[in-house]
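The values are calculated or read from the model by the stated rules, or taken from the named source; none is laboratory data. All figures in this text were calculated on a predicted structure; none of them were measured in a lab. Ideal geometry is used to build each Cβ from the backbone, glycine not excepted, and the neighbour counts take in all protein chains shown. Surface areas here come from the heavy atoms of the whole protein model, side chains and all, with no ligands, DNA or RNA. Shrake-Rupley method; radii C 1.70, N 1.55, O 1.52, S 1.80 Å.
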Amino acid sequence: MRNAVKKILQGLGVGAGAAAAAGLIWTAGWLDGFEFKTWDWRARLLQRPGTATDRIRLILLDQPSLDWGVRQGFSWPWPREVYAPIVDFCRRQGARAVAFDVLFTEPSKYLVADDEALGAAAAAAGNFVAAVFLGAGSGSATNWPPDMPPPYRRAAPAAHNFDWSPGMVLPRATFPIPEIATNAAVLANVYANPDADGVYRRVRLCQVFDGRLVPALGLGAWLAAEPGLRMDYEGRWLRCGAYRAPLDETGHALLKFRGPSRTHRAYSAAAVIESELLEREGQPGSLPPDAFRDCFVLFGFSAPGLYDLRPVPVSGIYPGVELHATMLDNLLSGDLMRDAPRFWTWILLVLLGTACGVAVRCGRNARDNLAVFVLALPASALLGLWAYSRGFWLPLLAPAAAAALALIGGVLLNYAVEGRQKRYIRSAFRQYLSEAVIAQLVADPSRLTLGGEQRTLSIFFSDLQGFTGISEKLNPRELTSLLNEYLSAMTDIIQDAGGTVDKYEGDAIIAFWNAPLPLADHAARAVRAALLCQARLADIRPDLKARYGSELRMRIGVNTGPVVVGNMGSHNRFNYTILGDAANLASRLEGINKQFGTFTLISEATQAELAVAAENEIAVRELGRVAVVGRCAPVLVYEPVFQADASGCRADWEKFASALAEFYAGRFAEAQAQFAALQEHDPPAAAYARKCRELIARPPAGWEGVWTMTEK
C-alpha cells in the first residue's frame, strides 16, 4: 500500500512536470502553426449547414460571367450600370438586403451617368450595403468626409462605449464615390486580416474609423435588413438583437464554416443580369421567381483573375464575399465559435498529464504501458472534436503534448528509479520555505509555483491623515499601541468582508478582494468595507483622541482592475501579494482625497462593477476627471456613500453635477459661481471653486475637462 502511494505521487509529479512543459510550449506559441492545422481538420470534419444557411444567397461574378461580358462588348472593369440590374432583380424578388463586396472608389470611366445608374438602383432598393475599406496603412482618407453619410443611418452604439483592443481602431479609409455612398442604407467595412499562417478563421464584426463604428459587410447586411436591430458592446460580446456574439481578446469573432465554396446557394452574375433584362421586356428569365425572396444577398467576385480568393479552414480557394456570407450566417444562426477559456486547457493539461503519469508509473509491465499509450493519445483529439461540437476552440496539441510527455516521462522514471524512495515533500521544502508556507503547500500543492496569475481585483489603499505629526507627539510605546488598536479594528472589517490584507506599511493598509478565492461582487465588498471602516473610525475617534491626544482621519482609495496576484519574492521567502498599475492607481486615489477634501474615492472601473452589484445599497457621485501623477490617461473618480446617508444630500449632489458639467465644458466662471454656493458644507465644491478661480486667472490651452493632479 505504501509503495503504491509512492508510485502515485511520483506519477503525479511526472504528470505535473509534463503539464508544465506542455503549457510552456503552448503559451510560448510554439504550437500555434500546428494547432491551426488541427482546427482546420475539425472545421472540415464537422462542417454543417446552419439554421440560416438557406436564407443567404450569393451572386458571383465568376469566369462564365466575365466571358458573357466579353460577348456583350464590356471591357473590364464593367460599366456601373451593368450592376444596376442585379440590384433591381433582388429588389423585385423581395430580398431582405443586398450587399456588394466591391469597392467603387473611383468615378466610372463612362462618366457620372454610369455611377448615377447604380446609385439610383441602390436608392430604389433601400437596403443596399456599400463597401468601405478601412486599413492601417492604406487609404487616402484620415477623417470621415463631411458629405458622406454615417456608416449606419439608424441607431448604432457609440464607439467610445467600448474598450477597444489593438487593431479595432483603424486610421485610414477608402470610401465609395458619393453617387453610391449617399444611396446606401449601410456603409460596411470589407477589410479582413488572416491568422499568422495566412488562413482566414476570424473576422472583426465592427471596427472604428474617426470615432465611428463601422460594421463588417456581413453584419452590415443584417443591419440593412433590420433597421431597428439593437447593437451594443457588452465587454467581450457584441449584442445583435437577442444574440450576443462572442469576441476574443483582440475583438475578433471566430467563424464556424458551413462547408466549401458555394455551400450557400450561388448564382452567376450573368444569369441574374439576363433574367432582369428579360423580365423588363415581359419575358420569363432563367431564374426562379422566388430565388431571392426574403433572403440576404451578397455580391462578389469569384473569377480567378479578379484576385478575391482567400484560403479558409475548409477550402484553399474561397471567394472573399463568402467569408462575409459565413459571418452573416453565424450571426443569424447564433452560433459563432468561441475560444475555450484558458483555464479549461490548463485543467486538461493537468488532468491528462497526471492521469498518464500515474497510469504509466503504476503499470506492471510494457503491455500495460502500451495500453495506456493507445487509450491516452487519441483522448485530446476526441475532446477537441467534442468541444468544437459545443462551439468552442479547445487547443488539441497542448493536451496531447502533456499526455505524450507524461507517458515518456513515466516510462523513463520506471527505468531510472526502480522503486527507490524519494524524500518527503516537507523535508525538501524546509530548505527554502517557511513553516507557514509549507503548511499551505501541504494542503494545496498546486500553489507551489513561485509567481502569480493575472486577475481582476478590487484594491483598497488607506492612509491616516497627518500621521507624521501624530507620531511625533507619541512615544514608541504609545504609537505602537495606537497603531495596533487602529489596524486591528480596520482589519476585522476588511476580513469580515472577504478581503485579503496584503500588507501594512506604517499606518497604511493595502488589501484586495477576489483573490485567492474568487468573489463575483468583489467591488461591492471593497467599497462596503471602505465605508464601514470610515464609520468604525468615526465611532472610536473620540476615545482615541481622549487617550492619545490625536484625532484620526483616514483617506481611502479603491480601484478595480487587472493585476498579477500570487506568491512573489525569492526562493527563500515570498509573500502572497499583488503587482500592477491597478494597485498603483488605488494608491493615487487615496492621495487625491487631499485635493478634493474627501476621505473615500473610487475609480470608474469600481463604480461600473458597483452599479451592478450594490446599486440599492451604495450611492455614488461623480467628482471629476483627474490625471494622476504617473499616468497619462485621465481617470473618472467617484465618492461613495451608503444610500441611507445619501438621502439628505441629493439636491446638493444635483447642483454639484450641474456645476461639474460647466467645469467640463470650460465655462469656469459659471462653474465657480455654482460651486461657491455649495462650498460652505461641501469640501469638493470648495476645492472646485478654488480651482475655477485659478483657471479663470490662467485659462488653459486645449481644455479637455481634466483636473491634473500635481501631488501623490
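Things worth noting here:
Listed here are the residues, each with its yes/no results for (1) surrounded by 14 or more Cβ atoms within 10 Å (Cβ to Cβ); (2) touching a Lys or Arg at 6+ places or on another chain (Cβ under 6 Å); (3) of a type outside the set (Gly, Ala, Ser).
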residue: Ala669; (1), (2), (3): no, no, no
residue: Phe675; (1), (2), (3): yes, no, yes
residue: His681; (1), (2), (3): no, no, yes
residue: Ala685; (1), (2), (3): yes, no, no
residue: Tyr688; (1), (2), (3): yes, no, yes
residue: Glu694; (1), (2), (3): no, no, yes
residue: Ala701; (1), (2), (3): no, no, no
residue: Val706; (1), (2), (3): yes, yes, yes
residue: Met709; (1), (2), (3): yes, no, yes
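- Looking only at residues of region 493-508 that are at pLDDT 90 or above and in a helix (DSSP H, G or I), we find that the one that is nearest to Pro518 (Cα to Cα) is Ile494.
- Counting only strands (runs of 3 or more DSSP E) wholly contained in region 594-701, the ones carrying 1 or more residues that are among the charged types (D, E, K, R) occupy 618-627, 635-642.
- Taking the criterion of being surrounded by 23 or more Cβ atoms within 10 Å (Cβ to Cβ), of a type outside the set (Ser, Thr, Tyr) and out of contact with any Lys or Arg (no Cβ under 8 Å at 6 or more places or on another chain), the residues of region 288-313 that qualify are Phe299, Gly300.
- Scanning region 5-16 for residues that are within 33 Å of the chain's Cα centre (by Cα) and either more than 15 Å from Pro399 (Cβ to Cβ) or at pLDDT below 85 (or both) yields a total of 1.
- Qualifying residue in region 502-510 (condition: out of contact with any His (no Cβ under 9 Å at 6 or more places or on another chain), crowded, with 16+ Cβ neighbours inside 10 Å, among the hydroxyl-bearing types (Ser, Thr, Tyr) and closer than 20 Å to Asn575 by Cβ): no
- Looking only at residues in region 21-47 that are without any contact (Cβ under 8 Å) to a residue 24 or more places away in the chain and aliphatic (A, V, I, L, M), the one that is nearest to Leu377 (Cα to Cα) is Leu24.
- The number of residues in region 387-405 that are farther than 14 Å from Thr345 by Cα and open to solvent by 30 Å² or more (accessible area, probe 1.4 Å) comes to 4.
A quick yes/no check of all residues on (1) assigned to a strand (DSSP E or B); (2) open to solvent by less than 50 Å² (accessible area, probe 1.4 Å); (3) polar (S, T, N, Q); (4) farther than 30 Å from Asp210 by Cβ:
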| site | (1), (2), (3), (4) |
| --- | --- |
| Ile59 | yes, yes, no, yes |
| Trp78 | no, yes, no, yes |
| Pro107 | no, no, no, no |
| Gly119 | no, yes, no, no |
| Ala122 | no, yes, no, no |
| Leu134 | yes, yes, no, no |
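- Considering residues of region 444-492 that are open to solvent by 40 Å² or more (accessible area, probe 1.4 Å) and among the hydroxyl-bearing types (Ser, Thr, Tyr) only, the residue modelled with the highest pLDDT: Thr456
- If the condition is being within 21 Å of Ala661 (Cα to Cα) and buried (at least 17 other Cβ atoms within 10 Å of the Cβ), then region 605-621 contributes Ala605, Gln607, Ala619, Val620, Arg621.
- Lone qualifier among Ala515, Ala511, Ala526 - being assigned to a loop (DSSP other than H, G, I, E, B) and within 27 Å of the chain's Cα centre (by Cα): Ala515
- Within region 202-230, the set of residues being assigned to a loop (DSSP other than H, G, I, E, B) and in contact with a helix residue (DSSP H, G or I) (Cβ under 7 Å, 6 or more places away or on another chain) comprises Leu205, Gly211, Leu229.
- Every residue from region 93-105 that is within 17 Å of Glu276 (Cα to Cα) and either surrounded by fewer than 15 Cβ atoms within 10 Å (Cβ to Cβ) or acidic (Asp, Glu) (or both): Gly94
- Restricting Arg239, Arg262 to residues that are open to solvent by 10 Å² or more (accessible area, probe 1.4 Å) and more than 18 Å from Tyr318 (Cα to Cα) narrows the list to Arg239.
- There is no residue in region 55-64 that is within 28 Å of Ala381 (Cα to Cα) and of a type outside the set (D, E, K, R).
- Residues satisfying the stated conditions in region 321-341, i.e. among the acidic types (Asp, Glu) and not in a loop (DSSP other than H, G, I, E, B): Glu322, Asp329, Asp339
- The set of residues from region 83-117 being touching a Lys or Arg at 6+ places or on another chain (Cβ under 9 Å) and under 15 Å from Leu187 (Cβ atoms) comprises Val98, Phe104.
Quick grid of which residues meet (1) closer than 17 Å to Ala689 by Cβ; (2) in contact with a Ser or Thr (Cβ under 6 Å, 6 or more places away or on another chain); (3) aliphatic (A, V, I, L, M):
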residue: Arg625; (1), (2), (3): no, no, no
residue: Val641; (1), (2), (3): no, no, yes
residue: Cys649; (1), (2), (3): no, no, no
residue: Phe663; (1), (2), (3): yes, no, no
residue: Arg667; (1), (2), (3): yes, no, no
residue: Ala673; (1), (2), (3): yes, no, yes
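- Evaluated against (1) open to solvent by 10 Å² or more (accessible area, probe 1.4 Å); (2) in a helix (DSSP H, G or I); (3) at pLDDT 95 or above, Asp67 falls short on exactly one condition, (3).
- The numbered conditions (1) crowded, with 17+ Cβ neighbours inside 10 Å; (2) among the aliphatic types (A, V, I, L, M); (3) part of a strand (DSSP E or B) are all true for Ile317 except (1).
Conditions (1) at pLDDT below 90; (2) not β-branched (Val, Ile, Thr), marked per residue:
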residue: Leu217; (1), (2): no, yes
residue: Ala224; (1), (2): no, yes
residue: Arg239; (1), (2): yes, yes
residue: Thr250; (1), (2): yes, no
residue: Lys256; (1), (2): no, yes
residue: Pro260; (1), (2): no, yes
residue: Val297; (1), (2): no, no
residue: Gly300; (1), (2): no, yes
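- Among the residues of region 531-587, those identified as within 19 Å of Phe512 (Cα to Cα), modelled with pLDDT of 90 or more, of a type outside the set (A, V, I, L, M) and loosely packed, with under 15 Cβ neighbours inside 10 Å are Pro562, Asp581.
- Any chance Ala245 is small (Gly, Ala, Ser), open to solvent by less than 30 Å² (accessible area, probe 1.4 Å) and assigned to a strand (DSSP E or B): yes
- Within region 629-666, considering residues that are touching a residue at least 40 places away in the same chain (Cβ under 8 Å) and open to solvent by less than 10 Å² (accessible area, probe 1.4 Å), the one farthest from Ala523 (Cα to Cα): Phe663
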